[in-house]
Amino acid sequence: KRRDKVRFHRPSRQDTMNPIGPVQRQLDAYNARDLAAFVAQYADDVQVYRLPGTQPTISGKAALAEHYAKNRFNLPSLHAALVARMAFGNKVIDHELITGIAAEPVHAAAIYEVQGGLISTVWFVNPA
């Protein structure tokens with residue numbers, strides 16, 4: 001009898017020095033609609049903001065998982081294409097073109113803060 005094992009990514013020392021690793025893994029998991037792999041890249045106490053708001057729209061990994069399960073990973077055409085990326089310090093800024101959530105593709109920017117090899121804070125910016 002075969003048992004599939006769930007694999008968890010443990011941040012390596014290199015990951016804690018390079019913020020791109022967890023950001024790329026969560027993007028890959030997003031496009032695969034793999035909820036477990038997606039949330040594994042986030043800190044337990046992750047905070048997600050939608051600018052210009054100053055209060056988090058999502059607080060904690062459980063709320064993040066619930067939101068993406070109900071509002072994103074259930075969409076069969078969901079895909080985020082990376083248009084551009086820059087990283088400095090513990091921040092990564094991605095410009096993404098997202099399809100499958102609206103009739104037309106949506107441009108968005110995501111600013112990720114990485115601490116200890118996991119994404120701790122995200123700020124989303126959408127065009128007006």
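The values are calculated or read from the model by the stated rules, or taken from the named source; none is laboratory data. Owing to the predicted nature of the structure, the values given are computational and were not obtained by experimental measurement. Methodologically, a virtual Cβ is constructed for each residue, glycine included, from the backbone with ideal geometry; neighbour enumeration extends over all protein chains shown. Heads up: the accessible areas ignore ligands, DNA and RNA and are worked out on the full protein's heavy atoms, side chains in. Shrake-Rupley method; radii C 1.70, N 1.55, O 1.52, S 1.80 Å.
Quick look at the numbers
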quantity: Condition check for Pro127: assigned to a loop (DSSP other than H, G, I, E, B), open to solvent by 20 Å² or more (accessible area, probe 1.4 Å), on the phi < 0 side of the Ramachandran plot and at pLDDT 95 or above; calculated: no
quantity: Single match in Ala32, Ala81 (criterion: among the small types (Gly, Ala, Ser) and touching an Asp or Glu at 6+ places or on another chain (Cβ under 7 Å)); calculated: Ala81
quantity: Subset of region 52-70 that is open to solvent by 70 Å² or more (accessible area, probe 1.4 Å) and within 21 Å of His107 (Cβ to Cβ) - its residue that is farthest from the chain's Cα centre (by Cα); calculated: Pro52
quantity: Selection status of Phe73, open to solvent by less than 70 Å² (accessible area, probe 1.4 Å), out of contact with any strand residue (DSSP E or B) (no Cβ under 9 Å at 6 or more places or on another chain), within 18 Å of Val114 (Cβ to Cβ) and not β-branched (Val, Ile, Thr); calculated: no
